[in-house]
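Taking it in order: structure first as structure tokens, then the write-up.
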Amino acid sequence: EGYVGYSSEKYNAEVLPKCVCGPETHCWRMLLLAGALSIFSGALGTLVLGNVLENFGPIQTLAGVLVIASLGLNFQMGIWDEGSLLASSTLLGFTGSAIPIVQFWCGQMFSPSIMGTVSATTSGWGNLGAGMAQLIMVFVVMEPLVHLGLPFDTAWRFSLIIPMLLVLECSRSITNWCSDTPVGRYRSRVTTTPLQRHMVLLRCLIDPRVLALGYQYACCFGVELVMNTILTTHFRTYFQMDLELACVMGGSFGLVNLFGRSLGGWVSDRLFALFGFKGRLWFHAGIFIFEAIAMVTFSKEHSDQPWELVLSTLVVFSLSVQMAEGSTFAILPRIMPTRTLAVERVVSALGNIGAAVALLTIYKFYGKSDPMHPFEIHAYFVCPASLLTIFCVCPDPLPKEEADMEGE
């Protein structure tokens, strides 16, 4: 199908010689649906794996999730129709549940006083993989296969063997070489019944502080998931860039995770040291306003502008998103300190759900006449997240030993 949003004089057949998967095309709708199912799957995994994590510890749980990721990559190599695309995307998306597993692992290994920086760094470097993958898979893995004479369709299928093997090796390595805690393997401290644990989860689901934090996470991490899903195709179609440049532009959003999320956690920790918990809240409220402004600014870019200008705007936008993520997880452990894992599960799941809802609503229906307009609409939902910080001003008191460590 052609992209009716482009006029014939703007369509560059040399860059997009075969098809244009833009809004109002069937392939665009399928890409959005596959991305949404993948994200929903991550949210489901986050909620389901909580009990497994509490009973078996982070290493065994994470190793199992990585095995599932390898299966998803294996199925991606065999995509033959729309159904197989949706099924493999759903399976691969389940690995999004690895984020709260790693957060729980950090909680076992590090002091609460530096959890903002630690949590932001581990999550940020994990999200960095999304940006790196777009670059490495195209430039390092797939293009050499094409130069060897493989058809493009065959080359991308074979290229998935590399990440599949790396994921399996990662699962094996953490099982053999890593420790759940500084003193050894995880020992389950679960003393509650399944019904009691479900009641804790239900309490989190109705706690306005947790719901507010979940909405805020949907406005930062959810935004990042949306960008990872659509940006490369967006630069390919609307800005009509060649594949290599589109991958660089799309991947640059994720590459900011190299320092962006850590920077957000570090600033939150420094303000906490100076002003206490209210310092974290001031920064948290401000960063969402900055993100909304950066997102609106990006939405005003148009296809005839130099790519260097578009890239600079995108990097500032990405930096605001990553810093908001770091700030969110610096605050999260203080909301319900004795139920941190349950809070992480709910907040992470809501972040994923927010991304899926945005894909199936804002980016599906508001980009028909102007492909940049959905970014502006999305920003209008991000800005109110700043006001929700008021729900976090009354965290539960810390357990005595943690309060002593933080000097409270």
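The values are calculated or read from the model by the stated rules, or taken from the named source; none is laboratory data. Just so we're clear, the structure is a prediction, and the values are computed from it rather than from any experiment. Note: ideal-geometry Cβ built from the backbone for every residue, glycine included; neighbour counts use all protein chains shown. In case anyone asks, the SASA skips ligands and DNA or RNA and just uses the protein heavy atoms, side chains included. Shrake-Rupley method; radii C 1.70, N 1.55, O 1.52, S 1.80 Å.
Here are some notes:
- The set of residues in the range 289-305 that are in a loop (DSSP other than H, G, I, E, B) and either among the basic types (Lys, Arg) or open to solvent by 20 Å² or more (accessible area, probe 1.4 Å) (or both) comprises Lys300, His302, Ser303, Asp304, Gln305.
- Each residue in the range 361-375 was checked for being over 20 Å from Leu37 (Cα atoms) and of a type in the set (A, V, I, L, M, F, W, C), and 2 of them qualify.
- Within the range 364-379, being part of a helix (DSSP H, G or I) and open to solvent by 10 Å² or more (accessible area, probe 1.4 Å) holds for Lys364, Phe365, His373, Glu376, Ile377, His378.
- Identity of the residue in the range 306-342, farther than 14 Å from Arg261 by Cα and open to solvent by 50 Å² or more (accessible area, probe 1.4 Å), that ends up farthest from the chain's Cα centre (by Cα): Pro306
- Checking each residue in the range 70-99 for being among the small types (Gly, Ala, Ser), open to solvent by less than 40 Å² (accessible area, probe 1.4 Å) and touching a residue at least 12 places away in the same chain (Cβ under 8 Å) picks out Ser70, Gly72, Gly78, Ser88, Ser89, Gly93, Gly96, Ser97, Ala98.
- Filter pass, Ala355 being of a type outside the set (S, T, N, Q), under 13 Å from the mean Cα position of the chain (by Cα) and surrounded by 24 or more Cβ atoms within 10 Å (Cβ to Cβ): yes
- Boolean, Thr232 is surrounded by fewer than 24 Cβ atoms within 10 Å (Cβ to Cβ), among the β-branched types (Val, Ile, Thr), within 30 Å of Ser89 (Cβ to Cβ) and touching a helix residue (DSSP H, G or I) at 6+ places or on another chain (Cβ under 7 Å): yes
- Every condition in (1) among the β-branched types (Val, Ile, Thr); (2) closer than 30 Å to Phe56 by Cβ; (3) open to solvent by less than 20 Å² (accessible area, probe 1.4 Å) is met by Val138 except one, and the failing one is (2).
- Residue count, the range 332-354 (criterion: over 16 Å from Ala98 (Cβ atoms) and at pLDDT 90 or above): 4
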